[in-house]
1. Looking only at segment B:395-405, filter to residues that are in contact with a Leu (Cβ under 8 Å, 6 or more places away or on another chain) and crowded, with 24+ Cβ neighbours inside 10 Å; which one of those is farthest from the other protein chains (Cβ to nearest Cβ)?
2. Among the residues of segment B:104-121, which ones are touching a residue at least 12 places away in the same chain (Cβ under 8 Å) and surrounded by fewer than 18 Cβ atoms within 10 Å (Cβ to Cβ)?
3. Restricting the search to segment B:379-394, which residues are more than 8 Å from chain A (Cβ to nearest Cβ) and either modelled with pLDDT under 95 or farther than 26 Å from B:G434 by Cα (or both)?
4. Any residue at all in segment A:86-102 that's acidic (D, E), in contact with a Gly (Cβ under 7 Å, 6 or more places away or on another chain) and either within 30 Å of A:A530 (Cα to Cα) or modelled with pLDDT of 95 or more (or both)?
5. Any residue in segment A:85-105 that is closer than 23 Å to B:V394 by Cβ and in a loop (DSSP other than H, G, I, E, B)?
6. Between a first residue in segment A:257-278 that is at pLDDT 95 or above and a second residue that is among the aromatic types (F, W, Y) and crowded, with 18+ Cβ neighbours inside 10 Å, which pairs have beta carbons less than 6 Å apart while being 6 or more apart in sequence or on different chains?
7. Of the numbered conditions (1) surrounded by fewer than 17 Cβ atoms within 10 Å (Cβ to Cβ); (2) in contact with a strand residue (DSSP E or B) (Cβ under 7 Å, 6 or more places away or on another chain); (3) of a type outside the set (A, V, I, L, M, F, W, C), A:N325 fails exactly one; give the number of that condition.
8. When the residues of segment B:179-197 are narrowed to those that are within 24 Å of B:R145 (Cα to Cα) and of a type in the set (K, R), which ends up farthest from the other protein chains (Cβ to nearest Cβ)?
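The values are calculated or read from the model by the stated rules, or taken from the named source; none is laboratory data. Remember, predicted model here, so these are calculated numbers, not experimental data. Glycine gets a Cβ as well: all are built from the backbone with ideal geometry, and neighbour counts include every protein chain shown.
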Number of protein chains: 2
Amino acid sequence: MIYRVDMTRGTIVRQPVPEAWRNLGGRALTSTIVAAEVPPTCHPLSEYNKLVLAPGILGGSKASSAGRLSVGAKSPLTGGIKESNVGGTAADALAGLGVKAVIVEGRAPAGWHILYLGPDRAELLPADDIVGLETYAATERLLDRFGPRHAVLVIGSAGERRMNVANIGVTDVDGKPSRHAARGGLGAVMGSKGLKAIVIAATADLARPAAAVDLNAARRRYAKALLGHPVTGKSLPTYGTAAIVHPINLIGGLPTRNFHAGQFEAVDAISGEHLREIILARAGKPTHTCMPGCVIRCSNIYPRGEDKEPVRGFEFETIIMNGANLGIGDLDIIAEIAQRCDDYALDTIEVGVTLGVAMEAGIISFGDGDGAIHLVEEIQKGTPLGRVLGGGAVLTGRAFGVERVPAVKGQGMAAYDPRRFKGTGVTYATSPMGADHTAGNALPNTVLPGVGPIDTTRPDHQVMLSRYLQQLAAAFDSMGLCWFSRGPILQDPSLVEDLLRAQTGGEWSMASLLHLGWYTVQTELAFNRAAGFTAAHDRLPDFFYKDPLPPTNDVFDVPQEEVERTLAEEFTL
Amino acid sequence: MIYRVDMTRGTIVRQPVPEAWRNLGGRALTSTIVAAEVPPTCHPLSEYNKLVLAPGILGGSKASSAGRLSVGAKSPLTGGIKESNVGGTAADALAGLGVKAVIVEGRAPAGWHILYLGPDRAELLPADDIVGLETYAATERLLDRFGPRHAVLVIGSAGERRMNVANIGVTDVDGKPSRHAARGGLGAVMGSKGLKAIVIAATADLARPAAAVDLNAARRRYAKALLGHPVTGKSLPTYGTAAIVHPINLIGGLPTRNFHAGQFEAVDAISGEHLREIILARAGKPTHTCMPGCVIRCSNIYPRGEDKEPVRGFEFETIIMNGANLGIGDLDIIAEIAQRCDDYALDTIEVGVTLGVAMEAGIISFGDGDGAIHLVEEIQKGTPLGRVLGGGAVLTGRAFGVERVPAVKGQGMAAYDPRRFKGTGVTYATSPMGADHTAGNALPNTVLPGVGPIDTTRPDHQVMLSRYLQQLAAAFDSMGLCWFSRGPILQDPSLVEDLLRAQTGGEWSMASLLHLGWYTVQTELAFNRAAGFTAAHDRLPDFFYKDPLPPTNDVFDVPQEEVERTLAEEFTL
């Protein structure tokens, strides 16, 4: 079923799933709905925009790492279509209720609201008691009121203020809003509608069609494969995503001081190894799940002292963009930034890129940790400076006359310098999402089917690699499957084919999944073209083509005419 | 000759005029050069952008109202090509030196510079003694140093800070930098190059080819026609451009409180009639020239007390956008804003639109004159709030989460609400300049050749009218001819044909001028397409289509499919 929530009228309607949407889920579904129902030229904060939630196709299957939620809308950050993908408990809760999608449309004429979705009721309630609260306090109050067996989506004050860096917090397995639909300012879209929180009963269980494959057996085989793979079974559970700090630095593509360098002299102090040491010394948790039943457990709990909320899910991107990228080599300072971002529901990547631009502008100096924390506080307070920073990296660059802004289509880059991660650079340049590593990140030696492992530091094969990865990522986002599970799945596609068969009753293959990814990306590109995007937007900022990146002195040298053709053809096996 | 000034190397080269550029001038020439030499996707503040100055074809002819200068670049405000057109003394001075264009390229590695152009030398000099000064003080110092017979172009602190609202001040007949190449943030482009001022000796006289028509006779006949026309001979010299405050208000299209209404209750207090009364009572000048030899004399000098610099050229757009649009019905308060904008070299239209958005955001209230003055001071100081406002209306709207921003392609609208001035609305929507009334303003009863006078409050004929006016305006901008002189010229095209013959030695007609306008606009559109603009950008903000404008309750109802075809075909006589 689909819930259509009209914030203008205050009504909620249950609708059957249209036939054309029946085999879609996650990103494929949110992008299809946004493209079908949102006027591409509308203002992203207007009543014409819609906020769409959809569990992935595997939502509610209780397979490991398969409970991710897609949140879609026209992005106030990029001006294009956006799908923001988040773990936590919400997708499985929605799927349990039999909900394929929630479409929030219109705009409340006044006041703040909570959308409650339970097995026997769906209603809009006043949010007076949580307005102005940041997400940890708001969530605690919501779970007190509705009971612990609920998933919560919630915005902070930044979302209430409709800031571009505002995201949507989602509760983790411990009821903390530590997971985030992070990118593209979707918290501002939620805020523009007068919606402070969505509370979903996590008590129901999904009714599934009869299938030729037993779901329990498929789940077990898949979980065993994850646990047996070196990345998902060892590296990620041990060091979390920060496992790659050292490798990325060694390659010379670690964004350092607003992308002025590719290696950071204080890398040891912000590495996954050092992170683990600190967590163990403070009796934290070096491994922890973000979604129920995930066996990868790449999350963690980083203690910050008795009186402080720990950082839950202290990630590579957060650490690098607010560490090396700012010249800050101290995990405790980065943790201060990270936990503020989590509590206020701010995109840690966009904040990191923005603070780098602020340092470039001379507002504070590179390496000034206290200054960086102070600037995040400005965002939370909504001061004029906070409004600039809360508008993201591009807006900050424009306000302060800074040319060097590492962003594409209005969105700041993640922790891979495109001069050394050229396939990721192609994705930054061409993804309908803007600079977004989650849209198709090319780590070293990624295997391109038919070609083999690719050296991402050289320009050849990068366009084909990005094309493949963008389709693959869109497919994973549509299944609700965590991208980190791809290792064993690409080695043995029957793992995911069986899960999909058991969940849907239909037949799937890696080829059909890649085609679903192609369909999804093309749907998004069509929206963006109608919104005014052209090949002129499919490029990196000038400085990546001309400023050599120390120490390798690489530039981004994938030929532009090839880059522009990245998504012009379908990748097929 | 052309001067090519390389700020990176600190060199100045004289070049002959390429054959293809020989018959161009003003906007046709600046847009041709920008389109040919600036990479459309470059950052507007980068060394790849160029600042191009060109007198019109009639520059140096000493015909009335024919000494306007075109300044071109890629705009940091719109991201598209920009031509900003300005009166004052600079165009004639350049033309006198035989200069067809000045192309400022690259970017100074350090320091601030003055470009000096004289009959026997052209050089870059250090600007240490005027950096940080606002334009009136800087100009005074420059004229002290170089002598009074010089034209000056100068930026203020806002241009030095590379703000989007920064423009370029140009000296008037009294040596005051009261004329402005106002729109599109070209002051920021000049600032990005490390160029504080351009000083041009106004002592030389243009050598002209032999022509079949006597220039003196052509000038006299044309001046007589201007003086005999009711608009240029009576209304403009008496009330200045503020003559139309009452008419625009009567029609119900006077932007009031951020375009929430089309009539202003305090209109009498900001009318041209009242302006004249105040000026006369204070022994100011109700009529004054902005360019040497102009017989229209639509400028004025508005005294503000002994210790204060008077406002020179207190214009309709400035008065309405900082008056009615802000709910301020007091000319002295508006004059405080206007003179600050002039001194700091800020675009008064963009500032007015921006302050309206700031009031919409609740930063200050509509009608708060002291607050508005204070906000302009914030821009000058470069505080964080000033940085937001200095970024223009769209950036302010984004920073403060405001949907209602009256702008197209990043540029704020002028003092004609498109719901009642529908032809101007079509121009706002489709001009390569963004929302810019000077690109083709359709005042009531404008005569469309072949059709007759057009009612601009109805949707029919508006697209054809805008097409005609956009070509005509581009032709006037290319001639260096003030748009206000069009009345007698459209009645008797031989007036301008004779001037052009005498100036150039060639043959011209109204048809060939309209074709020059077509060529110019198409050159600009091609640049913009390559920069990433599409039909999706050729539209007004949503609210003009849906929010009725009191008291007539009109919306903008020219069919969008027609609007998008405005510049797809050439208007021919």
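1. It comes out as B:T396.
2. Once the filter is applied, which keeps residues that are touching a residue at least 12 places away in the same chain (Cβ under 8 Å) and surrounded by fewer than 18 Cβ atoms within 10 Å (Cβ to Cβ), segment B:104-121 yields B:P109, B:A110, B:G111, B:G118, B:P119.
3. Answer for segment B:379-394, where residues must be more than 8 Å from chain A (Cβ to nearest Cβ) and either modelled with pLDDT under 95 or farther than 26 Å from B:G434 by Cα (or both): just B:K381.
4. Initially, segment A:86-102 is screened for residues acidic (D, E), giving A:92.
Still in the running and in contact with a Gly (Cβ under 7 Å, 6 or more places away or on another chain): A:92.
Checking the rest, the ones that are also either within 30 Å of A:A530 (Cα to Cα) or modelled with pLDDT of 95 or more (or both) come to A:92.
Yes.
5. No, segment A:85-105 contains no residue that is closer than 23 Å to B:V394 by Cβ and in a loop (DSSP other than H, G, I, E, B).
6. Once the first residue is at pLDDT 95 or above and sits in segment A:257-278, its partners that are among the aromatic types (F, W, Y) and crowded, with 18+ Cβ neighbours inside 10 Å give A:R257/A:F366; A:G272/A:Y239; A:R276/A:Y239.
7. (1)
8. Among them, the one singled out is B:R179.
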